[in-house]
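Worksheet for the structure shown next.
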Amino acid sequence: MLFYVWTLSIVIGSIALATMVVLVVLRVFHERGRARDTILRGELMTSLIRFSEDGDRQSLMAVLEEIPDAIVADSGFEFLSLLRGGERHRIEQVFAETGLPDFVRRRLRKGNEAERIHSAEMLTAFPGTGSVDALLDALGDRSREARIAAAISLNALGALPPLQTVLERIGPKGLRSRRLIDLFESLPADRGDELLGNALKADGTPFVRAAAIEALSLSGDYRFLSAMERLARDPSPEVAAAALRAIGRFGHPTASETVLAALGSTDWEVRKEAAEAAGRIGIAEAVEPLTSLLGDGEWAVRYAAGKSLKEIGTAGMEALQRTAMEETSRSQRTASLILSEGLAA
């Protein structure tokens, strides 16, 4: 019995020793690989900087042929993120003449999630049928973030399918992603009607509708103002608040009645956006309701009301000063704070 115990101990010890040796060897190879990659990245960066200065395409191509595509894709595009305009475009053209576009398209299919997202973004540097087809396929990626990244890149390449089709491909879970706002805001002006259609979709996801409204508000196109007034009365507070924020950005006085009505909303976010819009538009009739909101139960609403009273002008400032002279209360403290901010400035 003792013999078997000793034998088992020796076997286990041998396995442990062998495992340790293997791990040490792997660690050595890993460290050597990292050191080699660091050297190659340095060579790549030096070559890219030199190319930016002298434009010697052949010298850069010679270096790129010696460096693995994975390093060029990661470090090369990190360098490109620092450049703009013609300088960036010249380097992208050189990259396009290597095997890099094919590598990026393969990684878009087979990489991990982060690599697939990065690859989708990189393909905007390589316009053409191959990249567009790869990005269209990526709209079916298992990762919602990768699907949205593909949609943003397709838009950058001028090849984005109808917005409703894209949203269906992204799927319901992806429609809560903050990057959806990036997609909407990157759409060209001539696709504004598609955004408006989503904003007005009564059975749509509130987040999507609000994101569409946000993008429309940045257009500065008064064609959408009447729709924003309608949406400011939407049952969804998220949608109504976004519409009031858009109205404030448009700053057009014809929306005054809509803003005044929203100041009495039961939802604090709607009241806050309405208060800010009243100040941006300069609605004199809002002085009284804004003064009442100085005592609102939500700090954000009180502060927005105070700032807007100041923006409205003389009548608003007088209301703030009167309130600041009253007995200590929530309204009095808010008015005093707003006035003291003006003095500090």
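T266 fails exactly one of the following numbered conditions: (1) of a type in the set (S, T, Y); (2) under 16 Å from A241 (Cβ atoms); (3) touching a residue at least 12 places away in the same chain (Cβ under 8 Å). What is the number of that condition?
Condition not satisfied by T266: (3).
Could you please find all residues in the stretch 317-328 being open to solvent by 40 Å² or more (accessible area, probe 1.4 Å) and among the polar types (S, T, N, Q)?
Our first condition is that a residue be open to solvent by 40 Å² or more (accessible area, probe 1.4 Å); within the stretch 317-328, this holds for 317-318, 321-322, 325-328.
Matches in the stretch 317-328: Q321, T328.
May I ask you to list the residues in the stretch 126-141 that are among the charged types (D, E, K, R) and in contact with a Lys or Arg (Cβ under 6 Å, 6 or more places away or on another chain)? Talk me through it step by step, then tell me what you get.
Our first condition is that a residue be among the charged types (D, E, K, R); within the stretch 126-141, this holds for 133, 137, 141.
Scanning the stretch 126-141 gives a single hit, D141.
When you check S75 against the structure, is it of a type in the set (S, T, N, Q), more than 30 Å from P206 (Cβ to Cβ) and under 23 Å from the mean Cα position of the chain (by Cα), yes or no? Full working, then the answer.
Working: of a type in the set (S, T, N, Q): yes; more than 30 Å from P206 (Cβ to Cβ): yes; under 23 Å from the mean Cα position of the chain (by Cα): yes.
Considered against the rule, which asks whether it is of a type in the set (S, T, N, Q), more than 30 Å from P206 (Cβ to Cβ) and under 23 Å from the mean Cα position of the chain (by Cα), S75 comes out as yes.
Could you identify the single residue in T334, T314 that is of a type in the set (S, T, N, Q) and open to solvent by 40 Å² or more (accessible area, probe 1.4 Å)? Give the derivation first.
On the way: T334 fails: open to solvent by 40 Å² or more (accessible area, probe 1.4 Å).
Of T334, T314, the one residue that is of a type in the set (S, T, N, Q) and open to solvent by 40 Å² or more (accessible area, probe 1.4 Å) is T314.
Starting from residues that are touching a Pro at 6+ places or on another chain (Cβ under 7 Å) and among the charged types (D, E, K, R), keep the ones in the stretch 224-278 and report whichever is least open to solvent (accessible area, probe 1.4 Å).
D267
Provide a single number: the residues in the stretch 262-303 that are within 32 Å of the chain's Cα centre (by Cα) and of a type in the set (A, V, I, L, M, F, W, C).
12
State whether the residues of the stretch 37-46 include one that is closer than 30 Å to S143 by Cα, assigned to a helix (DSSP H, G or I) and either in contact with a helix residue (DSSP H, G or I) (Cβ under 8 Å, 6 or more places away or on another chain) or modelled with pLDDT of 80 or more (or both).
Yes, that holds for at least one residue.
Which of the helices (runs of 4 or more DSSP H) found entirely inside the stretch 254-345 contain at least 3 residues meeting this: touching a helix residue (DSSP H, G or I) at 6+ places or on another chain (Cβ under 8 Å) and of a type in the set (D, E, K, R)? Before the answer, list the steps.
Numbers: elements: 256-262, 268-281, 287-293, 299-312, 314-324, 330-344.
Of the helices (runs of 4 or more DSSP H) lying wholly inside the stretch 254-345, those with at least 3 residues that are touching a helix residue (DSSP H, G or I) at 6+ places or on another chain (Cβ under 8 Å) and of a type in the set (D, E, K, R) span 268-281, 299-312.
Is it the case that some residue within the stretch 287-307 is in contact with an Asp or Glu (Cβ under 6 Å, 6 or more places away or on another chain) and on the phi < 0 side of the Ramachandran plot?
As a first pass, look at the stretch 287-307 and keep what is in contact with an Asp or Glu (Cβ under 6 Å, 6 or more places away or on another chain): 302, 304.
Then keep just the ones that are on the phi < 0 side of the Ramachandran plot; that gives 302, 304.
Checked the stretch 287-307: at least one residue is in contact with an Asp or Glu (Cβ under 6 Å, 6 or more places away or on another chain) and on the phi < 0 side of the Ramachandran plot.
Which of the residues belonging to the stretch 50-95 are part of a loop (DSSP other than H, G, I, E, B) and either surrounded by 12 or more Cβ atoms within 10 Å (Cβ to Cβ) or not basic (K, R) (or both)? Write out each step before concluding.
The initial filter retains those residues of the stretch 50-95 that are part of a loop (DSSP other than H, G, I, E, B), namely 55-56, 67-68, 81-84.
Within the stretch 50-95, G55, D56, I67, P68, S81, L82, L83 meet the criteria.
Of R233, R249, which residue is touching a helix residue (DSSP H, G or I) at 6+ places or on another chain (Cβ under 8 Å), at negative phi and outside any helix (DSSP H, G or I)?
Working: R249 fails: outside any helix (DSSP H, G or I).
Unique residue meeting the criteria: R233.
For E298, which of the numbered conditions (1) closer than 28 Å to S236 by Cβ; (2) buried (at least 22 other Cβ atoms within 10 Å of the Cβ) fails to hold?
Only one criterion in (1) closer than 28 Å to S236 by Cβ; (2) buried (at least 22 other Cβ atoms within 10 Å of the Cβ) is unmet by E298, namely (2).
Filter the stretch 107-127 down to the residues that are touching a residue at least 12 places away in the same chain (Cβ under 8 Å), surrounded by fewer than 19 Cβ atoms within 10 Å (Cβ to Cβ) and more than 18 Å from the chain's Cα centre (by Cα) and list them by number.
Passing the criteria: R109, P127.
Here are A232, A227, A246: which of them is more than 18 Å from R191 (Cβ to Cβ) and in contact with a Leu (Cβ under 8 Å, 6 or more places away or on another chain)?
Details: A227 fails: more than 18 Å from R191 (Cβ to Cβ); A246 fails: more than 18 Å from R191 (Cβ to Cβ).
One residue alone meets the criteria, A232.
Limited to the stretch 128-142, what total is found for residues that are surrounded by 16 or more Cβ atoms within 10 Å (Cβ to Cβ) and not in a helix (DSSP H, G or I)? Give the steps one after another, and end with the answer.
Looking only at the stretch 128-142, we keep the residues that are surrounded by 16 or more Cβ atoms within 10 Å (Cβ to Cβ), and these are 131-132, 134-136, 138-139, 141.
Filter again for not in a helix (DSSP H, G or I), leaving 139, 141.
Matching residues across the stretch 128-142 total 2.
The values are calculated or read from the model by the stated rules, or taken from the named source; none is laboratory data. This one's a predicted model, so the numbers in the text were calculated from it and none came from an experiment. Note that each Cβ is placed from the backbone with ideal geometry, even for glycine, and that neighbours are counted across all protein chains shown. Surface accessibility is based on the protein's heavy atoms, side chains included, excluding ligands, DNA and RNA. Shrake-Rupley method; radii C 1.70, N 1.55, O 1.52, S 1.80 Å.
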